[in-house]
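Presented below is the structure to which this report refers.
Since every read-out is calculated from the coordinates, none of them should be taken as a lab result. Worth saying up front: this structure is predicted, and the values here are computed from it rather than measured. Note that we place each Cβ from the backbone using ideal geometry, even for glycine, and neighbour counts take in every protein chain shown.
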Amino acid sequence: MKRTPPLISLVVLLLAMAGCHGYNLVETPTTDGFHSKLPAPYTRAVVWGGRADTVQSASTWLLKKGLLVVDQTKVLQAAADQKVSLSGYQYLETDVLRMAKLVGARIVIFSNAEVGSWEALDWRSGIPRSQRVYSATIALRAVDVNTGEIEWSGKAQSTERFSNIEEGISLLTCHALATAWGMRNPGSVAPENICPPGSGLMSTETTRPQAAPAASSSKENLTPSMNN
């Protein structure tokens, strides 16, 4: 019986391993976070950040947890009326807090996203195919508009690269918020039902921890690109 040369065997093994590698799934991220106070139901909040997908994911998550989210356009209109510039990345956070207070919000959730992207090869079909893959870190913190105190903060960092940017941002945002609110522990392990794949949102079955008393009121060598 002929023996397969070691070099050929190695190539076959590498191809087989590469064929199993893909970037579609978003792995459970590593997180950190804390809270000193959680918002009561119907708390009015503004989510502020440079990436619309992060803002949208955080807003949807908070709405499902019972908060009233004020659209950014109202804050921008208030800023225009006060002749305050909140455009681009050169705004002052104190101005955002002041404008948010004018539109009736009690907290501002500042979101920051660092996203790197690369061209990579996907071997799952047996034929190398180029695709765009990402890694990201999402950080959010809630600031009281009256005192400037940080009430809670959460951060999530992807552990593997992923190809679906919408799902990736949504899941990372969910895990960052879940950690901040004490619904999962910091680290790289989380219950499966916290942020279901494909939705990036908190499961409705998850029990919310006790909050503050409710207010009486109704190609791989490319340099990654970074976006805040």
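By the count of other C-beta atoms within 10 Å, a proxy for reagent exposure, Ser153, Ser111, Ser188 are ordered fewest to most as Ser188, Ser153, Ser111. In this label model, Asp95 and Glu192 are separated by 4.9 nm, measuring between points 7 Å along each Cα→Cβ vector. Please compare each pair in Lys74/Lys155; Lys37/Lys155; Lys37/Lys65 to a cut-off of 19 Å on the Cα-Cα distance and tell me which ones are over it. With Cα atoms farther than 19 Å apart: Lys74/Lys155. Extension gain for Tyr42 to Lys83 (0.36 nm times residue separation, less C-alpha to C-alpha distance): 11.8 nm.
Annotation for segment 142-167 versus segment 26-81: alpha-carbon center distance of 9 Å.
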